[in-house]
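I have placed the structure first, in the form of structure tokens, so that the comments after it can refer back to it.
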Amino acid sequence: MSRAHPRRFFRHGLLPQLLVFEAVARLASVTRAAEELHLAQPTVSLQLKKLASTLEVTLFEQQGRGLRLTGAGHTLRETCHELIHCLVRADAKLAAFRRAKAEHLRIAADSELRAVAAELIAAFCARHPGTQATLHVAGRPELLARLAEGSDDVYLLGRWSIVHPSGRPPGALAELFLREAVLGAVPGIEGIAQSIAEQVERKDQQKN
């Protein structure tokens, strides 16, 4: 395959112009394309003008209030589809090389369970290096308010609850933390979980 490349296709800003053209060609409207791309209509028109000038062809013809693709426009639209599919395939292949975004674990605990919650988090982070976790300690009224707002992932209120912010299921990190810390899936955690239950029980007995 020849390595000679038409220089016009490597000019700065050509790819965004092609994406603008594809939207206008697909929607047959500068206005609708501008809305889809969240651009001002004059910006879309300018991008089309620059693209036509760079390629030295006419891409659209006015047809009433709408636009009609020229022969060159149809050819470029097919090329845009091929280019977009190529970029999608490239992105899928590169996904395996990208570092996954670190998930942040947010824990909230009753003031009286501060030490136990801190111990649970420290043990969890030691088992899973790179984990980012924060602990918010407060009284029961504030924690209940945070629970209602979905501000945290896991709450220690005398029992464990997983919050589902905005109706979304809990993150994988929150599920793993709950399973290891509360259900005793990791050796040595049973004692910590038991101490939580004992503290809660003593607290309830004092209230009664």
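See the values below:
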quantity	calculated
Number of positions in the range 40-57 that are buried (at least 18 other Cβ atoms within 10 Å of the Cβ) and over 14 Å from Gly73 (Cβ atoms)	2
Number of positions in the range 93-121 that are out of contact with any strand residue (DSSP E or B) (no Cβ under 9 Å at 6 or more places or on another chain) and without any contact (Cβ under 8 Å) to a residue 24 or more places away in the chain	10
Residues of the range 58-83 that turn out to be of a type in the set (A, V, I, L, M), farther than 23 Å from Phe9 by Cα and either within 31 Å of the chain's Cα centre (by Cα) or surrounded by fewer than 17 Cβ atoms within 10 Å (Cβ to Cβ) (or both), as a count	0
Tally, over the range 39-61, of residues that are among the basic types (Lys, Arg) and touching a residue at least 24 places away in the same chain (Cβ under 8 Å)	1
Options Leu94, Leu120, Leu176: the member that is at pLDDT 80 or above and under 18 Å from the mean Cα position of the chain (by Cα)	Leu94
Enumeration of residues in the range 122-141 that are more than 18 Å from Phe177 (Cα to Cα) and touching a strand residue (DSSP E or B) at 6+ places or on another chain (Cβ under 9 Å)	Ala138, Gly139, Arg140
Residue list for the range 63-79, filter: under 14 Å from Arg26 (Cβ atoms) and of a type in the set (A, V, I, L, M, F, W, C)	Leu67, Leu69, Leu76
For Ala133: the one exception among (1) small (Gly, Ala, Ser); (2) in contact with a His (Cβ under 9 Å, 6 or more places away or on another chain); (3) modelled with pLDDT under 85	(3)
Boolean, Glu190 is surrounded by 12 or more Cβ atoms within 10 Å (Cβ to Cβ), outside any loop (DSSP other than H, G, I, E, B) and at pLDDT below 80	yes
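The values are calculated or read from the model by the stated rules, or taken from the named source; none is laboratory data. Quantities reported herein were computed from a predicted structural model and do not represent experimental measurements. As a convention, Cβ positions derive from the backbone with ideal geometry for all residues, glycine included, and neighbour counts pool all protein chains shown.
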